[in-house]
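To start, the structure under review is shown below, and the notes come after it.
The values are calculated or read from the model by the stated rules, or taken from the named source; none is laboratory data. These numbers were taken from a predicted model, which means no experiment stands behind them. A quick note on method: Cβ atoms are made from the backbone with ideal geometry, for glycine too, and the neighbour counts reach across all protein chains shown. To get the accessible areas, we keep the full protein, side chains included, count just its heavy atoms, and leave off ligands, DNA and RNA. Shrake-Rupley method; radii C 1.70, N 1.55, O 1.52, S 1.80 Å.
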Amino acid sequence: MATRSKTATGNPSSPNVVNLRLLQPLTLIAESADGSMDALCDTLMVEEILPRLPPESLVRLGAASRRYKALSVLPDFAARYWQRAGVFFYSHPWHRPRFFPGRHHETDSMPGSSSADLSFLPGPSAREKAHLRRGVDHPDSAVAIMHSALGGLLLCSRGRLSPVHFYVCNPVTRQWVALPELPWQPREWQSGLLTLHATADDDDGDGAGEKKMKPKHFRVVLFNHPMHWREPGGCIYLRLFSSDTGQWKATQLQPLVIHSSVYGHSLGPRGTAYWIAMKDQAVAYDSVHHTVRVIQLPRCIDDGEWNRVVWERHGTAAGLRYAHSNSSVLEVWDSQGQEGDNCMWELVHRVGITELLERIPEAADFRLMSTRYSRDIKPIGFHPTKDIVFLGIPKAMFAYSMENGTMSLQCTNGSMCYSHPDGMFPFVHPPYHLPIPAINNSIVAPGQSSTSHA
């Protein structure tokens, strides 16, 4: 019987096998006039050791050694270790969230992290279980995402229906803080927005010179749905929490008169919530300034009133992106400023539904959609940093790249996917460590958490 000898490219776990990738720094040193063992050690630290450390260990290592801190803040390493961009998505209202960067078949977890499903958050306390039993949520109900804020933090709630227990967490560092219990029992379905207030920290003493944002405090705003605003005597009920005071307070606003029904919602990372109205309009609530305005949308295409979404456009402080579809076409529009009370819109992309279906790699599994389910192909959100539209299709979700014209399968489900903007949250974490500001009356301090970084 013929045999083959193992080479150096065999099993890397064998003690007799040399990892050729580890020899690359030796080659660099041999070719360098000022090569040294320190350079080799630094290269091995950046390429092989530091990426394997959990975030809390990396931060502690940097605090213990200036040399290691300088290595940990190198731009290339910091971007690979800390930076994330994608969306959290619920394929079903009662399932745990999953993180999708928008690339082909990248599902289940955040790149370089196992915390996308929020499993690092604590289980329900006895008090939380007692509250859940009084409602319709299961006593062991998981934590649900309410909002993804600009800066890389999430606002979460224990249970989905009438929650009174809330958390702010960082899914990359796996740190979290628990807010004091909401002192009022919610009478109506509510949403939440988280805003992070930070100041520029040009150097932070690490010598990298990279501009960073240093978190100072955060604020949470809970509010009821516009359908309750339209009821006789209805108003906007606000529940406000600030990490500066550690206290909840209640107030209310008189809403604008809304003449048509609104549905769904998308929550912008800068603290604004958007709802689609039936008359080519959107309602926007700004939680920073506590203002409500009506936005005029592009004219809805025929038979597409239920297939619409509006989000904040990436890379700009004020622009919006809007998409709608019907059985024959998908259109994407960008706002180009405002003229009086009306947004000025420009059509930036248009593609036929049949053409989209032809670009699906798994065409055999979804061929019937071109005739039977074409009306159900709907835009449900946008990537926070790329020109990608996430499309909800019966039993699946795809990422459509407007730049490349490609369709990438993100997830499938045995039943209808939860293809609504309500279940999608854009997420961007900066290329550096982002701590959670401390709050008064916190159950657990920001650093007191179980951390992991695979």
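Just a few scattered comments:
- Test result for Ser91, surrounded by 13 or more Cβ atoms within 10 Å (Cβ to Cβ) and modelled with pLDDT under 80: yes
- Residue match in segment 131-149 (condition: of a type in the set (Val, Ile, Thr) and within 29 Å of Pro54 (Cβ to Cβ)): yes
- Meets criteria (of a type in the set (Phe, Trp, Tyr), touching a Lys or Arg at 6+ places or on another chain (Cβ under 9 Å) and either open to solvent by less than 50 Å² (accessible area, probe 1.4 Å) or modelled with pLDDT of 90 or more (or both)) for Phe218: no
- Hits in segment 266-290 - residues which are open to solvent by 20 Å² or more (accessible area, probe 1.4 Å) and either under 16 Å from Asn342 (Cα atoms) or in contact with a Phe, Trp or Tyr (Cβ under 6 Å, 6 or more places away or on another chain) (or both): Lys279, Asp280, Gln281
Residues are listed down the side, and each one gets a yes or a no for (1) assigned to a helix (DSSP H, G or I); (2) closer than 30 Å to Trp189 by Cα; (3) at pLDDT 65 or above:
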{"residue": "Ser408", "(1), (2), (3)": "no, no, yes"}
{"residue": "Pro437", "(1), (2), (3)": "no, yes, yes"}
{"residue": "Val444", "(1), (2), (3)": "no, yes, no"}
{"residue": "Ser450", "(1), (2), (3)": "no, no, no"}
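- Residue within segment 395-405 that is at pLDDT below 90 and surrounded by fewer than 17 Cβ atoms within 10 Å (Cβ to Cβ) present: no
- Residues of segment 44-80 classified as modelled with pLDDT under 80 and hydroxyl-bearing (Ser, Thr, Tyr), total: 0
- Count - residues of segment 410-435 that are part of a loop (DSSP other than H, G, I, E, B) and modelled with pLDDT of 85 or more: 6
- Residues of segment 48-67 that are of a type in the set (D, E, K, R) and closer than 12 Å to Tyr81 by Cβ: Arg52 alone.
- Of the residues making up segment 247-256, at least one is outside any strand (DSSP E or B), among the aliphatic types (A, V, I, L, M) and in contact with a strand residue (DSSP E or B) (Cβ under 6 Å, 6 or more places away or on another chain).
- Considering residues of segment 137-195 that are among the polar types (S, T, N, Q), under 22 Å from Gly234 (Cα atoms) and part of a loop (DSSP other than H, G, I, E, B) only, the residue most open to solvent (accessible area, probe 1.4 Å): Gln185
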